[in-house]
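Undergrad: Just passing along the structure, written as structure tokens.
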Amino acid sequence: KKHIVEWKEIPTKRLNSKKFAEKYPQIAEDEEIYMVTTPRRLIEKEIK
């Protein structure tokens, strides 16, 4: 059996916060609805 690796597109539904804020400004102002995520990214740093 041969296997190949290929990209498969997986659509994900995410909330468009700009459109949400336009429709529901009062709710959008409520801090409780927001979840803070901290993604990590590799960066190059200059050593002084």
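Undergrad: Could you calculate the FRET efficiency of residue 43 with residue 23 from 1/(1 + (r/R0)^6), where r is the beta carbon distance between them and R0 is 30 Å, rounded to 0.05?
TA: Numbers: r = 36 Å, r/R0 = 1.20.
E between residue 43 and residue 23, to the nearest 0.05, is 0.25.
Undergrad: Follow-up. For residue 32 and residue 15 in the same chain, what is the full-extension length gain: residue separation times 0.36 nm, less their Cα-Cα distance, in nm?
TA: 4.6 nm
Undergrad: Quick one: divide the alpha-carbon radius of gyration of the chain by 2.2 N^0.38 Å and tell me what you get.
TA: 2.05
No lab work stands behind these numbers, since they all come straight from the coordinates. Bear in mind the structure is a predicted one, so any value in this text is a computation, not a measurement. Quick reminder, even Gly has a Cβ in these numbers, built from the backbone with ideal geometry, and neighbours come from all protein chains shown.
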